[in-house]
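Below is one structure, written out as structure tokens; comments come after it.
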């Protein structure tokens, strides 16, 4: 497995610490993930796949909204698939993703689907994702009724290939927390 | 890179959602079809920000009148209790759709936290004078309130709160409420029934109309398109930009909702006629309503957070949504009435 560090591409802040709940921007209503419950600066296993969460500073971006970025992958590791840790603002969201080798050849060209970010309390995801214990509101309070969740999405290809670049399409309602390349083993 | 296929259009206003629930009790399996017997686009001449979460698409022939004529679905709107008393209606065993400010609804998360207006279903509870309220918003919840609590919720001014409720605050509830009645769905000649309605739909798309309240038809949609694109090409920030984004969101939301139900009717119509060509066009129309949904969701996002890339996405999704409407116009032209 190759865990991609998304730090260079962070462009959205969808998690807030308790001291900064009014600055949430997960949706038009200013909700946000509780930052204390996301493992920023460490590894998180989701359905058997490890993801790396970049370090989070209060008020600073913590995730990636796909806006046409091209992610250069150091060392072009060999992989047979890709896993995204993601969620959809306002319900299910989709974004085109293309994995390319060092010669610019396309390895995989697919549409990633992120389930909606909110799950009702009591209906937590199985190993397809995980939910936080509460949702932050901009009125400087939190509730445990609708819970913010992130989900694992995977795409596989047939032959092992060296992934040198990942291109993201455009959908600002798609939130990306981590990318892991899946090796042949 | 593969192009972005739309996520399904899925969100309905609480008024449509409540109306479907009541209608489904009286006309099982036909409620969504009966709510979709209308194509409409109304561009109000009044400020778009005066629209509410539960506004219906504007039309010189009000949507309830059209639905009553075409499918005998009867939606009545009341302001206050002068004509008919809400509490008398509930006491007689009726289920009403009531506009409320959820700030005053004790069992909801917004209680005494957020002024936000929408509609809920209300019926009499068993005997003790309390009222059973079903709120379809988000994760639906049901509980009871006292008549006094409901009155406070019905009478709220819903003060504007840009921070906590940038969309559905700022307009008083005005004690608005609705009733819905339907009969079990039954027609003698289904094909004739469907063809007549497809013809009416084409007519209201193609015919440009205007009055003191606004302008209507696909030409009004084209006008709105030019207006919105000009606003999105202008400065990102500032009062005018924010007002345009908020107002356009409030306009596009009920219009999308009406189209989601229209899609249900069209699908049934195509199958009833056995028209494979129409079936294909209708499925494409329903799928591409997702572009309208994506544009709306991103537009709503920009009420709080704005960046140029968002507006590029919104313009692209709107262009696809407008093309979808133009394509439907061409499809329905085959059913134009003489």
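The values are calculated or read from the model by the stated rules, or taken from the named source; none is laboratory data. Because the structure is a prediction, the values reported are computed rather than measured. Cβ atoms come from the backbone with ideal geometry, glycine included; neighbour counts cover every protein chain shown.
Condition test on residue B:47, is it in contact with a helix residue (DSSP H, G or I) (Cβ under 8 Å, 6 or more places away or on another chain) and within 14 Å of chain A (Cβ to nearest Cβ)? Against the criterion (in contact with a helix residue (DSSP H, G or I) (Cβ under 8 Å, 6 or more places away or on another chain) and within 14 Å of chain A (Cβ to nearest Cβ)), residue B:47 does not qualify.
Test residue B:232 against the criterion of being modelled with pLDDT under 95, buried (at least 17 other Cβ atoms within 10 Å of the Cβ), under 22 Å from residue A:68 (Cα atoms) and within 24 Å of the chain's Cα centre (by Cα), and give yes or no.
yes
Taken residue by residue, the range B:90-109 has at least one member that is buried (at least 16 other Cβ atoms within 10 Å of the Cβ), without any contact (Cβ under 8 Å) to a residue 40 or more places away in the chain and more than 30 Å from residue B:194 (Cβ to Cβ).
Can you confirm whether residue A:58 is more than 12 Å from the chain's Cα centre (by Cα), in contact (Cβ under 8 Å) with a residue 24 or more places away in the chain and surrounded by fewer than 19 Cβ atoms within 10 Å (Cβ to Cβ)? In short, yes.
Of the residues that make up the range B:11-34, is at least one within 14 Å of chain A (Cβ to nearest Cβ) and either in a loop (DSSP other than H, G, I, E, B) or free of Cβ contacts under 8 Å to residues at least 12 places away in the same chain (or both)? The answer is yes; a qualifying residue exists.
Among the residues that make up the range B:249-271, is at least one of them exposed (fewer than 15 other Cβ atoms within 10 Å of the Cβ), out of contact with any strand residue (DSSP E or B) (no Cβ under 9 Å at 6 or more places or on another chain), over 22 Å from residue B:16 (Cβ atoms) and away from chain A (no Cβ under 14 Å)?
Initially, the range B:249-271 is screened for residues exposed (fewer than 15 other Cβ atoms within 10 Å of the Cβ), giving B:271.
This time we only want the ones that are out of contact with any strand residue (DSSP E or B) (no Cβ under 9 Å at 6 or more places or on another chain), so: B:271.
Still in the list and also over 22 Å from residue B:16 (Cβ atoms): B:271.
Then drop every residue that is not away from chain A (no Cβ under 14 Å), which leaves B:271.
Yes, that holds for at least one residue.
Scanning the range B:285-338 for residues that are farther than 21 Å from residue B:197 by Cβ and not in a helix (DSSP H, G or I) yields a count of 6. What about residue A:36, is it touching a helix residue (DSSP H, G or I) at 6+ places or on another chain (Cβ under 9 Å), away from chain B (no Cβ under 14 Å) and either within 21 Å of residue A:139 (Cβ to Cβ) or in contact (Cβ under 8 Å) with a residue 24 or more places away in the chain (or both)? Answer is yes for this residue. Residues that are part of a helix (DSSP H, G or I), touching a residue at least 24 places away in the same chain (Cβ under 8 Å) and buried (at least 20 other Cβ atoms within 10 Å of the Cβ) occur at least once in the range B:80-87.
Can you confirm whether residue A:178 is in a loop (DSSP other than H, G, I, E, B), under 29 Å from residue B:313 (Cβ atoms) and either at pLDDT 95 or above or over 17 Å from the mean Cα position of the chain (by Cα) (or both)? Spelling it out, it is not the case that residue A:178 is in a loop (DSSP other than H, G, I, E, B), under 29 Å from residue B:313 (Cβ atoms) and either at pLDDT 95 or above or over 17 Å from the mean Cα position of the chain (by Cα) (or both). Residue-level check: of (1) within 14 Å of chain A (Cβ to nearest Cβ); (2) closer than 21 Å to residue B:99 by Cβ; (3) modelled with pLDDT under 90, residue B:53 misses just (3). Quick one: is residue B:265 free of Cβ contacts under 8 Å to residues at least 24 places away in the same chain and touching a helix residue (DSSP H, G or I) at 6+ places or on another chain (Cβ under 6 Å)? The answer is no for residue B:265.
So in the range B:5-37, with the set limited to residues that are within 12 Å of the chain's Cα centre (by Cα) and at pLDDT below 95, which one is surrounded by the most Cβ atoms within 10 Å (Cβ to Cβ)? Within the range B:5-37, the match that is surrounded by the most Cβ atoms within 10 Å (Cβ to Cβ) is B:12. Within the range A:167-174, can one find any residue that is more than 30 Å from residue B:113 (Cα to Cα), in contact with a helix residue (DSSP H, G or I) (Cβ under 7 Å, 6 or more places away or on another chain), outside any loop (DSSP other than H, G, I, E, B) and at pLDDT 95 or above? Among the residues of the range A:167-174, at least one is more than 30 Å from residue B:113 (Cα to Cα), in contact with a helix residue (DSSP H, G or I) (Cβ under 7 Å, 6 or more places away or on another chain), outside any loop (DSSP other than H, G, I, E, B) and at pLDDT 95 or above, which makes the answer yes.
Within the range A:59-162, considering only strands (runs of 3 or more DSSP E) that don't extend past its boundaries, which have at least 2 residues that are away from every other protein chain (no Cβ under 12 Å) and either out of contact with any helix residue (DSSP H, G or I) (no Cβ under 8 Å at 6 or more places or on another chain) or under 17 Å from residue A:2 (Cα atoms) (or both)? Show your work before the answer.
Details: elements: A:70-72, A:78-88, A:93-100, A:106-114, A:118-120, A:129-131, A:135-137, A:141-143, A:146-162.
Output list reads A:70-72, A:78-88, A:129-131, A:146-162.
Which of the residues that make up the range B:298-311 are free of Cβ contacts under 8 Å to residues at least 40 places away in the same chain and touching a helix residue (DSSP H, G or I) at 6+ places or on another chain (Cβ under 9 Å)? Across the range B:298-311, the qualifying residues are B:298, B:301, B:310.
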